[in-house]
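Data block below; observations after.
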Amino acid sequence: MGAMDAKQASGAAVPREDMIPSRTRLALEYYYSIPRYLLSRLLGRFFPRHFFAGVAPLRLRQAALTPPADWVVLKPRLCGICGSDLNLLKGAESYLLEPYASFPAVLGHEVVADVVEAPPGSGWAPGDRAAVEPVLACRARGLALCRFCARGDYNLCEHFTQGRLAAGPILGFNRDAGGGMAELMAAPPENLVRLPQDLTDEDAVLTDSLASALQPLLRHLPPDGATVVVYGAGIIGQHLVRLLRILGSKAKVAVVARHPLQAELARAGGADLALLSPSRAELAQTLGARLLPTTLKGGNVEGGADYFYDCAGSGASLQEGLLILCARGVYVMVATAGEVSRVDLSSLWFRELTLTGTAMYAGGTWQGRPVRTYELAVELLSRGDYPAAGLLTHRFPLREYRRAFRTAMDKRRHRSVKVALDLRG
């Protein structure tokens, strides 16, 4: 065994190859500042729908791009703004996830891009158009595959802090692998998914959010006849509703929305019911469950849903999910929640609930065949029957990123669902 093979077998980092010659490009960069992060967190608690541009550690500047030589250089077309981007700007990310990010980092991981340069043998050529899957697992890091990557669950990679790259599981949260809110970026060739010519950029930029909703359904698809609650009707909740129907589910689907537009879109996507901020009693009645009065805490629920997909990630949504599920129901945390307020967990053991989460995307089984979630997302968007109308609501040039973040944070005022930066100009 050669020296390189020995290092791969041991899980040690493979020495980094020569870099692609460095170049600069205009990029939106988030930098490390504990005082600014904490101040953003404090202001976010009082003004959760406001973007404090003067406080957030964010700057638009000429930044160097120096990727590994075996990566593809890309020119982004559209880059969506994700809820995790907004959480970072609001100081709402978990403190315990600090080891899984490195800064300064160029933001953006929901990317549609053109290939500018590609290494020989990569299968890519200048002018090709692709969606960029942002996960940076063992292979991208030059490491031997960990046990999860080896079985295809690379979203659970054990080496997100090791190898030839800085810490950070995805593009946009990694110092060495900048994201798509820039004039140029780079990614490993295996992270690219080719886009059909008839799939528009505007639909293709939904790939990442669609994949984020598809992954939990590949793992936890409700059977026909089940009752499902989708709690939260932002972009992920909207995709969940649509995917349940596109994947053929005949479950009864009730959506809990905060804004009228969200409720309208949920019904258009196939929801049987769309409720605007219902009380516990109203939600229970809708599901045919019984509210059991309690002196404190607003009452318990008997009966209810079989599956609860939490797309809000708050203490309130976790509590309602635990209470509204029937015995042996399944709660799936889809939102990227950090800390939540005090929650009564008695239903977890009293009704033998299954409580699980979902991380990014990787693969699963669909119609008896193994699938890569990102590729299946592109396939579904390309079929022509996916109801994507109305989901991408706003586009802004890169230099107007402040307006873009304000629009994404205040959904009620701006009637926004998915907001993207447009770099095609």
How far is helix 373-382 tilted off the main Cα axis of the chain, in degrees rounded to 10, range 0 to 90?
-> 80 degrees
Along the charge dipole of the chain, Cβ charges K/R +1 and D/E -1, which of Gln215, Gly299, Leu28 sits furthest on the positive end?
-> Gly299
Based on other C-beta atoms within 10 Å, arrange Cys149, Cys82 from fewest to most.
-> Cys149, Cys82
So the compactness index of the range 209-357, its C-alpha Rg divided by 2.2 N^0.38 Å, takes the value 0.95
Measure nothing but the geometry: give the 0 to 90° angle between the long axis through the Cα atoms of 207-219 and the longest principal axis through the Cα atoms of the chain, rounded to 10°.
-> 60 degrees
For the chain, which longest stretch is free of loop sites, where a loop site is one of the trypsin sites (Lys or Arg not before Pro) that DSSP puts outside H, G, I, E and B and that has at most 11 other Cβ atoms within 10 Å?
-> 1-296
Percent of Cα pairs exceeding the 15 Å cut-off, where the set is the range 355-421 | 68 percent
What the 20 Å binned alpha carbon P(r) of the chain shows, as percent of pairs per bin from 0, is 26, 58, 16, 0
Under 14 Å, Cβ to Cβ, from Gly288 - net charge with Lys/Arg +1 and Asp/Glu -1 = -2
Restricting to lysines and to Cα separations under 29 Å from Lys252, and discarding same-chain partners fewer than 8 apart, the set is Lys297, Lys411, Lys418
Report ³J(HN,Hα) in whole Hz for each residue of the range 180-195, in order, from the Karplus equation J = 6.51 cos²θ - 1.76 cosθ + 1.60 where θ = phi - 60°; Gly and Pro get x.
-> x, 8, 7, 6, 9, 8, 8, 7, x, x, 6, 7, 8, 10, 5, 9
Listed residue (Gly363, Trp349, Tyr386) projecting farthest to the positive dipole end of the range 335-425, Cβ model = Tyr386
Checked against the positive end of the charge dipole of the range 115-228 (+1 on Cβ of Lys and Arg, -1 on Cβ of Asp and Glu, about the Cα centre), the farthest of Val228, Gly163, Asn174 is Gly163
Diagonalise the Cα gyration tensor of the range 290-425 and give the resulting equivalent ellipsoid semi-axes, square root of 5 times each eigenvalue, largest first, whole Å.
-> 35, 23, 13
Taking the Cα centre of the chain as origin and charging only Cβ (+1 Lys, Arg; -1 Asp, Glu), how large is the dipole, in debye to the nearest 20?
-> 1020 debye
Mind grabbing the base-10 log of I(q)/I(0) for the range 23-90 at q = 0.12 Å⁻¹? Debye formula, identical points on the C-alpha positions, no solvent, two decimal places.
-> -0.43
So what are the range 120-277's ellipsoid semi-axes, whole angstrom, largest first, if each one is the square root of 5 times an eigenvalue of the alpha-carbon gyration tensor?
-> 33, 19, 15
So what's the angle, to the nearest 10 degrees on a 0 to 90 scale, between helix 315-324 and the longest Cα principal axis of the chain?
-> 50 degrees
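Bear in mind these aren't lab numbers, they're just calculated from the coordinates by the rules spelled out. Worth saying up front: this structure is predicted, and the values here are computed from it rather than measured. Please note: Cβ atoms are built from the backbone with ideal geometry, for glycine as well, and neighbour counts cover all protein chains shown.
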